Amino acid sequence: MSSKSDSIKDNEKLLELLDSIEEQFLVPYKKPEDFRKISSTTKLQDSTPIKELGKLASVLKAHCTKIGIVCKPGTFDSNHKVVFTEIQNLSTPLFFLLSLFPLFYRNKDYPKFFIDQLDESTLQLLDGLRELVSELQTRLKNEEDASLDKERLTSVGKIFNACDFLSNCSKVGSYGILANILKGNIAIMDDTLDEIKEWLEEPDFSANSNDVFLNFDDSESETDAAEEDFDQQKVYESIKSFFDDFVKKIMLIKLLVSTFKKTLVSKDFKPKSIQSDTLDSLHLSFKEVQLLLDEVVSTLQFEPKKFSAEEVKEEQAALATVIKKALVQMKKLYENDVKRRKWIEIWETKFNQLP
């Protein structure tokens with residue numbers, strides 16, 4: 001009788017804890033803007049926010065591992081007291097993690113893309129915790145329904161992965177985060193090059209803007225006349241001539257980005273100061289570069305029969321402008337690095353020689 005009574009009490013205590021966690025962490029924080037409302041006055045001694053982030057991520061991950069063990073289907077029902085302890089232990093470092101956020105937001109040394117990654121990873125952690133809390137609340141109120149156990153480890157896995165992302169933020173810092181972003185940009189450039197190669201090897205002139213935006217005013221005779229005027233071989237040669245040069249441009253841009261990515265994680269890369277604004281500008285510039293490259297290729301794929309260098313003149317001009325802006329920022333970052341500044345100047349000369 002006593003055992004059953006204790007079990008009921010453990011059950012009730014666990015439900016109260018889950019409700020408390022929901023109220024303290026899950027209801028208030030659902031989007032990045034919510035984190036800006038945190039008014040913590042945390043002060044660090046002999047440490048930095050990024051170091052504390054790494055420590056807390058490790059502690060959270062350790063508690064998450066224990067929660068995964070005690071919440072396993074088949075063991076959860078007899079472990080409510082232990083589950084209570086482990087979830088309570090998780091809530092403490094989570095509180096301290098969130099209390100760090102104002103320190104990151106106020107510190108101008110952290111670029112926006114780093115803050116965005118911090119926000120995103122923490123939201124993923126809270127989403128995983130939200131799922132876990134919801135699953136446990138439902139299970140505690142429906143003890144006979146063991147089918148509710150099956151998804152629990154998925155939510156624990158989400159928390160675990162989010163802790164890994166937070167740990168990585170601390171480990172690699174702003175330079176490493178940007179390097180990871182640029183790695184993705186390079187992969188997209190490879191895809192763009194593949195798309196161009198595939199189209200030139202097997203040109204497809206069947207795409208037509210009228211397939212998407214039907215022009216009911218065009219008469220059938222006008223369409224037929226346009227078909228008669230279309231010289232596929234001549235248009236193909238014009239397209240090939242343009243993209244032979246454009247591919248060289250993409251390859252040079254890829255070289256610039258990949259070299260910069262390696263520099264960011266190089267041990268001998270020691271900027272005079274942390275230039276978060278410069279890093280943010282470079283992040284946005286390379287993102288814009290990729291969008292412009294995609295726009296040029298999309299123009300070809302959208303309506304190849306009408307493609308010409310004139311059709312993408314604006315994109316080409318915008319690309320030159322954003323590259324120039326990126327080079328200015330890179331030179332600023334390489335202020336005291338004669339060797340890397342010289343490499344940038346040589347690259348710029350080669351790029352400007354392309355049509």
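The values are calculated or read from the model by the stated rules, or taken from the named source; none is laboratory data. On a predicted model such as this, the values are computed, not experimentally measured, just so you know. Virtual Cβ from ideal backbone geometry, glycine too; neighbours counted across all protein chains shown.
Figures for the structure shown
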{"quantity": "From Lys306, Lys272, residue being basic (Lys, Arg) and over 21 Å from Ser206 (Cα atoms)", "calculated": "Lys272"}
{"quantity": "All positions within segment 307-335 that are in contact (Cβ under 8 Å) with a residue 40 or more places away in the chain and of a type in the set (D, E, K, R)", "calculated": "Lys325, Lys332, Glu335"}
{"quantity": "Selected residue (only one of Lys331, Lys249 is farther than 30 Å from Asp109 by Cα, within 28 Å of the chain's Cα centre (by Cα) and not β-branched (Val, Ile, Thr))", "calculated": "Lys249"}
{"quantity": "Condition met for Asp46 (within 28 Å of Leu103 (Cβ to Cβ), acidic (Asp, Glu) and modelled with pLDDT of 90 or more)", "calculated": "no"}
{"quantity": "Members of segment 10-47 found to be among the basic types (Lys, Arg) and assigned to a helix (DSSP H, G or I), listed by number", "calculated": "Lys13"}
{"quantity": "Qualifying position, being within 28 Å of the chain's Cα centre (by Cα), farther than 21 Å from Asn180 by Cβ and of a type in the set (Asp, Glu), among Glu86, Glu52, Glu120", "calculated": "Glu52"}
{"quantity": "Subset of segment 68-90 (residues that are without any contact (Cβ under 8 Å) to a residue 40 or more places away in the chain and not in a helix (DSSP H, G or I))", "calculated": "Thr75, Asn79"}
{"quantity": "Tally, over segment 91-120, of residues that are under 19 Å from Glu33 (Cβ atoms), surrounded by fewer than 16 Cβ atoms within 10 Å (Cβ to Cβ) and without any contact (Cβ under 8 Å) to a residue 40 or more places away in the chain", "calculated": "1"}
{"quantity": "Output for segment 43-74, where each listed residue is in contact with a Phe, Trp or Tyr (Cβ under 8 Å, 6 or more places away or on another chain) and either exposed (fewer than 14 other Cβ atoms within 10 Å of the Cβ) or farther than 29 Å from Arg106 by Cβ (or both)", "calculated": "Thr65, Gly68, Val70"}
{"quantity": "Search result, residues across segment 345-355 that are in contact (Cβ under 8 Å) with a residue 60 or more places away in the chain and within 21 Å of Thr259 (Cβ to Cβ)", "calculated": "Trp347, Lys350, Phe351, Leu354"}
{"quantity": "Within segment 236-355, helices (runs of 4 or more DSSP H) holding 3 or more residues that are of a type in the set (Val, Ile, Thr) and buried (at least 18 other Cβ atoms within 10 Å of the Cβ)", "calculated": "276-302"}
{"quantity": "Pro111 being within 18 Å of Ala62 (Cβ to Cβ) and at pLDDT 95 or above", "calculated": "no"}
{"quantity": "Test: residue in segment 48-67 that is under 19 Å from Ser134 (Cα atoms) and assigned to a loop (DSSP other than H, G, I, E, B)", "calculated": "no"}
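Rundown of residues vs (1) of a type in the set (A, V, I, L, M, F, W, C); (2) in contact with a helix residue (DSSP H, G or I) (Cβ under 9 Å, 6 or more places away or on another chain), yes/no style:
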position	(1), (2)
Asp10	no, yes
Leu15	yes, yes
Asp19	no, yes
Pro28	no, yes
Phe35	yes, yes
Ser40	no, yes
Lys43	no, yes
Asp46	no, no
Ser58	no, yes
